[in-house]
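Notes for the one structure printed next.
Here, each number is a calculation from the coordinates, and none is a lab measurement. Everything numeric in this text was worked out from a predicted model, so none of it was measured. Cβ coordinates were reconstructed from backbone atoms using ideal geometry, including for glycine residues, and neighbour counts include every protein chain displayed.
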Amino acid sequence: MPFPRNIILALIFAVVSTSCSDDHNDTADTPSEAAAIPVLAKSTPQEDRSNGTALPLGAGGGDVSLQGVVTEPAPDGTAPLLVETIAEGLVYPWGFSFLSDRSIIVTEKIGRIRLIEDGVLLEAPVTGGPDTFVAYHAGYLDILPHPAFEQNKLVYLSYVAGDINANTLNVGRGVLSNGALEGFEVIYESTPPRATDLHFGGKMAWGPDGTLYVTIGEDSKNLAQQADASYGAIIRINDDGSIPDDNPNWGIDTALPELFSKGHRNPHGLAFDQVTDHLYAHEHGPFVGDELNVIEPGGNYGWPVATYGIDYSGDQITPFTEVEGAIDPLFWWSVPVGVAGMTVYRGTEFPQWNGDLLIGGLRDMTLHRLDMEGGEVMGEERYLRERQQKIRDVRVASDGSIFVLTTNENIDDPASNDAANGELLRITREQ
Ligand SMILES: [Ca+2]
């Protein structure tokens with residue numbers, strides 16, 4: 001019944017707030033009505049919190065029992081942590097990966113790639129990377145070695161190409177050799193080009209079957225619900241950029257074949273749990289309402305039709321926290337966190353944390369640990385609050401120590417004097 005569904009969607013979009021203060025200067029591409037992903041509204045209106053002060057207690061999402069457990073914000077954890085600085089002076093670092101036990105590769109948003117060898121940040125940046133559009137949220141984003149990096153030396157980079165009038169989120173790859181990315185080639189470009197400097201997503205993760213998952217942020221809010229646009233989406237491609245033949249079928253002729261899930265806002269965290277096979281993604285809400293989702297093929301995660309998020313103005317985004325056909329978050333935050341980076345902890349350094357999710361916070365400047373059991377969130381703790389550094393990314397080394405990438409950048413302002421204060425930290429257990 002495409003016709004009545006479109007009418008309902010149109011009604012929902014009519015009440016969607018457009019006042020989100022970080023959504024400035026968006027030039028909406030005209031979405032094609034026929035490509036709207038069908039979701040039907042049901043009567044679960046969002047609680048009226050339009051005065052911006054009466055935020056709900058606790059975290060909600062799929063597990064109401066959490067509401068009696070989780071305080072707001074999460075309590076500081078009690079585990080004694082030893083924090084060492086591995087590298088400092090990074091300029092707007094965005095993502096990093098381990099290439100081996102001895103080698104770490106880091107992106108700086110300004111269009112630079114750095115290497116840390118045996119704990120030493122090499123002065124010379126990696127050459128051979130692509131030109132990039134450097135602005136508010138734009139530049140070099142995530143970086144990831146191929147699963148067979150030891151043999152093929154392939155490194156994957158997500159970045160923004162173009163300019164303020166027309167840009168795309170690209171994924172490219174090159175062979176890392178003697179401090180250079182050789183033969184860099186673009187294997188994916190988002191569709192259609194946009195005129196914006198924010199909400200690019202850009203997080204990448206390999207699936208167990210060797211396919212590459214990439215998050216892409218929304219644009220004008222409508223595009224997150226359009227199957228002919230790759231925004232507000234997680235895509236799934238092969239390692240050469242071709243489309244896997246078992247991607248979900250959206251039942252819409254004009255749907256892009258790379259789409260794996262839709263209805264996301266701006267996801268900056270993506271991680272496979274190799275043990276449970278869950279693909280976790282988190283995304284920024286507007287002011288509050290950051291959420292953690294378990295990603296299913298063909299899933300619609302609701303944005304902007306349904307959200308627990310509250311806008312910066314204190315206004316509701318939409319009257320609906322849930323809509324039929326959209327998947328609820330597993331967990332959401334009712335306080336500002338600014339979720340960035342995520343990994344599933346597996347290792348011997350913190351054996352009691354096995355299977356837990358580690359998540360960075362840009363806004364609350366803490367490292368979050370979600371205590372996971374059987375795929376549910378049992379509780380939440382936060383760490384490193386005393387350092388007052390924005391946490392951009394987090395990964396686990398093969399010895400079980402936790403690496404955290406920080407930045408002191410002033411709300412992503414490229415003109416900030418704090419630009420060069422990014423650090424890579426290593427966290428072990430204090431003996
Ligand atoms: Ca959602």
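The table that follows gives values for the structure above.
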item	result
Residue match in segment 353-364 (condition: within 11 Å of the ligand (Cβ to nearest atom) and either part of a loop (DSSP other than H, G, I, E, B) or farther than 17 Å from TYR383 by Cβ (or both))	no
Residue match in segment 324-340 (condition: touching a helix residue (DSSP H, G or I) at 6+ places or on another chain (Cβ under 8 Å) and either more than 10 Å from the ligand (Cβ to nearest atom) or over 22 Å from VAL214 (Cα atoms) (or both))	yes
Single unsatisfied condition, GLU150 versus (1) among the acidic types (Asp, Glu); (2) surrounded by 15 or more Cβ atoms within 10 Å (Cβ to Cβ); (3) in contact with a Ser or Thr (Cβ under 8 Å, 6 or more places away or on another chain)	(2)
Pick from segment 137-147, criterion in a loop (DSSP other than H, G, I, E, B) and within 20 Å of the chain's Cα centre (by Cα), ranking: surrounded by the most Cβ atoms within 10 Å (Cβ to Cβ)	ALA138
Test: VAL155 is over 19 Å from the mean Cα position of the chain (by Cα), crowded, with 18+ Cβ neighbours inside 10 Å and in a strand (DSSP E or B)	yes
Criterion (surrounded by fewer than 21 Cβ atoms within 10 Å (Cβ to Cβ), within 26 Å of SER97 (Cα to Cα), over 16 Å from the mean Cα position of the chain (by Cα) and away from the ligand (no atom under 16 Å from the Cβ)) met by exactly one of GLU381, GLU373	GLU381
Residue, surrounded by the fewest Cβ atoms within 10 Å (Cβ to Cβ), within segment 88-136, restricted to residues that are assigned to a loop (DSSP other than H, G, I, E, B) and among the small types (Gly, Ala, Ser)	ALA124
All positions within segment 244-256 that are surrounded by fewer than 16 Cβ atoms within 10 Å (Cβ to Cβ) and at negative phi	ASP245, ASP246, ASN249, ASP253, THR254
Failed item, numbered, when TYR231 is tested on (1) within 16 Å of the ligand (Cβ to nearest atom); (2) among the aromatic types (Phe, Trp, Tyr); (3) part of a strand (DSSP E or B)	(3)
Extreme residue, nearest to GLY183 (Cα to Cα), among residues of segment 222-243 that are surrounded by 24 or more Cβ atoms within 10 Å (Cβ to Cβ) and polar (S, T, N, Q)	SER230
Residues located in segment 367-390, provided they are over 16 Å from ASP290 (Cβ atoms), touching a residue at least 24 places away in the same chain (Cβ under 8 Å) and not aliphatic (A, V, I, L, M)	GLY375, GLU376, GLY379, GLU381, TYR383, ARG385, ARG387, GLN389
